[in-house]
1. Based on the alpha-carbon gyration tensor of the range 94-138, what equivalent-ellipsoid semi-axes (square roots of 5 times the eigenvalues) come out, in whole Å, largest first?
2. Highest mean first, how do 124-133, 98-107 rank when packing is the count of other Cβ atoms within 10 Å averaged over residues?
3. So for 73, 110, what's the accessible-area order with a 1.4 Å probe, most first?
4. In Å and whole numbers, how far do the C-alpha atoms of the range 33-138 stretch along each principal axis, longest first?
5. List the lysines whose alpha-carbon lies under 21 Å from that of residue 54, not counting same-chain residues fewer than 8 positions away?
6. If you count only protein heavy atoms with a 1.4 Å probe, what accessible area per residue comes out for the range 27-138, rounded to a whole Å²?
7. Give the value in nm², to one decimal: projected area of the alpha carbon convex hull of the range 37-77, averaged over all directions.
8. Show the residues, 5+ positions off or on another chain, whose built amide H is closer than 5 Å to the amide H of residue 76.
Amino acid sequence: MKFLAVFVILCVGCCLAKLDQQQLETFSGTTKACFEELQIPAGWDFPTKAMQDKITTFSDQHIDFIACVGRKYGVLNEEGRYNAQLVKEFFLKSNTFDRQQVEEVVDLCYGEPKGTTLKENVAEATKCFLANKKFKLM
């Protein structure tokens with residue numbers, strides 16, 4: 001368990017440098033909680049690879065993880081609908097992302113559901129975001 005906590009902290013500290021300290025702490029806690037909830041082994045590199053734009057396909061485990069993080073942040077409800085305003089607020093808290101770019105990609109990808117089920121919506125919104133964002137997460 002200690003290794004998991006260290007991994008998450010290192011991943012967050014190294015990989016999400018554009019986020020501010022509060023966001024890093026929140027992300028670290030949320031990621032750790034989702035790893036535990038979903039019984040994901042320490043060392044799973046999906047969060048880092050996704051942030052580096054190195055993921056193009058998503059397994060059920062990836063989607064479950066993304067949904068878990070979204071629910072814990074309060075930006076995704078149980079029906080699979082995102083609260084686009086909260087997604088925007090999350091990115092804009094750090095002052096390192098361009099407001100117009102954030103608003104454009106969030107409106108495009110997190111406005112109306114893209115799928116019919118929670119997993120479909122999470123997968124489609126994530127693919128849309130990664131394909132259309134004009135800023136780096138790392």
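1. 22, 10, 8
2. Descending packing order for the listed peptides: 124-133, 98-107.
3. 73, 110
4. Sorted largest first, the three principal extents are 37, 30, 23 Å.
5. 18, 119, 127, 133, 134, 136
6. 53 Å²
7. 3.3 nm²
8. 71, 83
The values are calculated or read from the model by the stated rules, or taken from the named source; none is laboratory data. In this text the structure is predicted, and so the values were computed from the model without any measurement. Backbone-built Cβ (ideal geometry, glycine too); neighbour counts: all protein chains shown. When the accessible area is computed, the model is the full protein with side chains, heavy atoms only, and any ligands, DNA or RNA have been set aside. Shrake-Rupley method; radii C 1.70, N 1.55, O 1.52, S 1.80 Å.
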